[in-house]
Amino acid sequence: MKTGRLLRWLLALYTALVFLFVFAPIVASLVFSFNSDRFPTIPLGSFTTAWYAKAFSNPEAWDAALRSLLVSSVTAVLATAIGFSAAYTDYRYDFFGKTAFLVLALLPPTIPLIILALAMLGWLSMFNASGMTISIIIAHTVLCAPFAMAVIRLRLNQMDPNLEPAAWNLGASEWVTMKSVVIPFTLPSIIASLCLTAAVSFDEFAVAWFVSGLNKTVPVVILEIVTGNIDPQVNAIGTAVFFVSITLVVIAQVLVLRPARKPDAA
């Protein structure tokens, strides 16, 4: 009993330390975004919102924010559509080369981002498509589709395999079954996928920096602001980006962890 209690306390302490390690820099950035001093030092200066005013009046930051919203929204839709198709293919069908298909489908997140960025830059340059907003969307879709596939495939694992055959036996076509059975069942994971892939795309820097050209996203603008300069407005921008991203991730997490509703007893 004492050993079990000690292990629980150690686990709780370890978890607290992990959260502290992860979130301490974010909390520091939040605190310094309201600090009147230009340099992030202790003791703090007076409370101010001047850095937020400066960031929100920066036309380059607004342009990057709107572009990031456009890129992340389109990427989320495309990646979720591709991820759903790949997840359903894996769930429903057995075919020659399925293992290779899964390996290739889940490969992009395992590739170092710099390598992936260089590869996407070279590939897009072959079609004179680099340096445009569509370039970022294409690259981010490649990066995010495996996340969508994993989230939706997890939900499909919870679906009764007899639901579709039952619908077919009742006369429903495959498309009607997809619309009336599969999509409603996987809808929470589809929404979670949209949120998660949007967050990944909104925060991604390396690939966007290589393929964006002059069409900068928020992470690229943040790098340019801090390069050779200490400007506290990056704390304000970073805090805003963090709250957007964490909101999307929390929504996705809640939807993914929500258990599938069991059919009502007759």
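Roughly how many Å² is the accessible area per residue of the range 55-265, as a whole number, for a 1.4 Å probe? The partial results should precede the final answer.
Working: 11120 Å² over 211 residues.
Each residue of the range 55-265 exposes 53 Å² on average to a 1.4 Å probe.
Any idea what the relative contact order of the chain is, in percent, if you count C-alpha pairs under 8 Å spaced at least 6 apart? Present the calculation step by step, with values, prior to reporting the outcome.
Working: 297 pairs, mean separation 77.9, N = 266.
About 29 percent, as a whole number.
Cβ under 15 Å from PHE101's Cβ, PHE101 left aside: what net charge do those residues give with Lys, Arg +1 and Asp, Glu -1?
Details: positive: ARG92, LYS98, ARG153; negative: ASP90, ASP94.
Here the charged neighbours net out to +1.
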Arranged from highest to lowest average of other beta-carbon atoms within 10 Å per residue, in what order do the peptides 126-134, 25-33 appear? 25-33, 126-134
Please express the Cα-Cα pair-distance distribution P(r) of the range 54-174 as a list of whole percents, one per 5 Å bin, running from 0 to the bin with the greatest distance. 2, 10, 14, 16, 17, 13, 10, 7, 5, 4, 2, 1, 0
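Accessible area, 1.4 Å probe, largest first: how do GLU60, GLU164, GLU174 sort? Kindly include the intermediate steps, with their values, before the conclusion.
Working: GLU60 75, GLU164 5, GLU174 125 Å².
The ranking, largest first, comes out as GLU174, GLU60, GLU164.
Counting Lys +1, Arg +1, Asp -1, Glu -1, what net charge surrounds ALA208 among other residues with beta carbon under 12 Å of its beta carbon? If you can, show how the numbers build up before the last one.
Numbers: positive: ARG67, LYS216; negative: ASP203, GLU204.
Residues close to ALA208 contribute a combined charge of 0.
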Using a Debye calculation, one point per C-alpha and no hydration shell, please list log10 I(q)/I(0) for the range 55-265 at q = 0.13, 0.17 Å⁻¹ in order. -0.79, -1.15
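What's the carbon and sulfur percent of the chain's accessible surface, probe 1.4 angstrom, rounded to a whole number?
On the way: 11530 of 15680 Å².
Its accessible area is 74 percent carbon and sulfur atoms.
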With the dipole of the chain worked out from charges on the C-beta (+1 for Lys and Arg, -1 for Asp and Glu) around the Cα centre, which of LEU143, SER73, PRO165 lies farthest toward the positive end? PRO165
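Using only DSSP helix segments of four residues or longer, with each worth -39500 (n - 2.57), what per-residue ellipticity at 222 nm results for the chain after dividing by its residue count and rounding to 500? Walk me through the numbers on the way to the answer.
Numbers: 12 runs with 190 residues, N = 266.
About -23500 deg cm²/dmol.
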Ordering PHE242, PHE95 by accessible area with a probe of 1.4 Å, largest first, what comes out? PHE95, PHE242
Compare the peptides 181-188, 141-148, 99-106, 209-216 by average per-residue count of other Cβ atoms within 10 angstrom and give them in order, highest first. 141-148, 209-216, 181-188, 99-106
Kirkwood Rh in Å, taken over the range 130-246 so that all alpha-carbon pairs contribute: 17.0 Å
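The values are calculated or read from the model by the stated rules, or taken from the named source; none is laboratory data. Because the structure is a prediction, the values reported are computed rather than measured. Glycine also receives a Cβ, built like all others from the backbone with ideal geometry; neighbour counts cover every protein chain displayed. SASA here: full protein model, heavy atoms, side chains in, ligands and nucleic acids out. Shrake-Rupley method; radii C 1.70, N 1.55, O 1.52, S 1.80 Å.
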